[in-house]
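Undergrad: Here's a structure for you.
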Amino acid sequence: MQSRLFNIDTILITKRLVLKRFRETDGEAFYQLVEANYEQLYPHFTKMLNQVKDEESASIYVIKNIANWLLQEAYMFGIWENSTARLVGMIRFFNLDWSLPKAEVGYFIDKDFGGKGLMTEAMKMALDFAFNQLALERISLRTSMENVASQRLARKSGFLREGDLRNDHRRLSGELTDVMLFGLSRSEYMSHK
């Protein structure tokens, strides 16, 4: 464990959003968010949907992610809208490799809040956290071939397309799909900031 990470921010504030580490009591809100967006999450978030099936399993998922944060294995923020204090999304750094250090980022926003620049705002703050507080050197992002909104967000955030990974994701239906791989290095991020 790295002691320098004991005092990193657990709350990040933007103009319209609050990104904060989940609390033990946020399982119900997380479940409601997942349920309301099940259709849009279904093709892309197989692992999460396999774990979040009801309020109890959502609470367990949230608590495991809090534990992962404390163990410095993953960092998951809930994205809350300032004006309503409503949970509207999630952004998570996972697959951490502290030897480089690097991580992968995954995210989603409620279907009713898409297209308003909120995920761009959240991503900007989260990348600042990852490069400046976690001191990561590289962040990768994988998105499905048909997820144009996610590809647009990746490019807008400075990520570069690094290639395609064939049959790299299995949907809940069992279908294998291809994904695009994007990457962003610390030096690229700092030069485009």
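Undergrad: Just need log10 I(q)/I(0) for the chain at q = 0.08, 0.16, 0.18 Å⁻¹, Debye formula, equal scatterers on the alpha-carbon atoms, no solvent, rounded to two decimals.
TA: -0.24, -1.08, -1.41
Undergrad: Separate question: Could you work out how far apart the two model spin labels at ILE60 and GLN2 are, taking each label as a point 7 Å from the Cα in the direction of the beta carbon, and quote it in nm?
TA: 3.1 nm
Undergrad: Further question: Mean separation of Cα pairs under 8 Å and 6+ residues apart, divided by the residue count of the range 1-105: what relative contact order is that in percent?
TA: Numbers: 143 pairs, mean separation 27.8, N = 105.
Averaging sequence separation for qualifying contacts and normalising by length gives 26 percent for the range 1-105.
Undergrad: Ok, one more. I'd like the distance between the alpha-carbon centres of the range 47-124 and the range 1-32, rounded to an integer number of Å.
TA: Each part's Cα centre sits 9 Å from the other's.
Undergrad: State the percent of C-alpha pairs, over all pairs in the range 1-67, separated by a distance greater than 14 angstrom. Each step should come with its number before you reach the end.
TA: Numbers: 1445 of 2211 pairs.
Summing the P(r) of the range 1-67 above 14 Å gives 65 percent of all pairs.
Undergrad: Please state the equivalent ellipsoid semi-axes for the range 111-193: what are the square roots of 5 times the Cα gyration tensor eigenvalues, largest first, in whole Å?
TA: Values: eigenvalues 114, 55, 24 Å².
Semi-axes (√(5λ), whole Å): 24, 17, 11.
Undergrad: Got a sec? How would LYS15, LYS102, LYS116 order by Cβ neighbour count within 10 Å, fewest to most? Intermediate results must be reported in sequence, preceding the final value.
TA: Values: LYS15 9, LYS102 19, LYS116 13.
Placing the least packed residue first, the sequence is LYS15, LYS116, LYS102.
Undergrad: Using only the Cα atoms of the range 41-96, each taken as one equal point scatterer with no solvent, compute I(q) by the Debye sum, divide by I(0), and report log10 of the ratio at q = 0.24, 0.28, 0.29, 0.30 Å⁻¹.
TA: The computed values of log10 I(q)/I(0) come out as -1.13, -1.23, -1.23, -1.23.
Undergrad: For Cα pairs less than 8 Å apart in space and 6+ apart in sequence, what is the mean separation divided by the residue count of the chain, i.e. the relative contact order in percent?
TA: On the way: 315 pairs, mean separation 35.7, N = 193.
Reported relative contact order: 18 percent.
Undergrad: Among LEU136, LEU5, rank each residue by its count of other Cβ atoms within 10 Å, from fewest to most, as a rough exposure measure. Don't skip to the end; give the middle numbers.
TA: On the way: LEU136 24, LEU5 15.
Least crowded to most crowded, the residues run LEU5, LEU136.
Any read-out appearing in this document is the output of simple, stated calculations on the displayed coordinates, not a laboratory observation. What you see is a predicted model, and the numbers here were worked out from it, not measured in a lab. Positions of Cβ are generated from backbone atoms using ideal geometry, with glycine treated the same way; all protein chains shown enter the neighbour counts.
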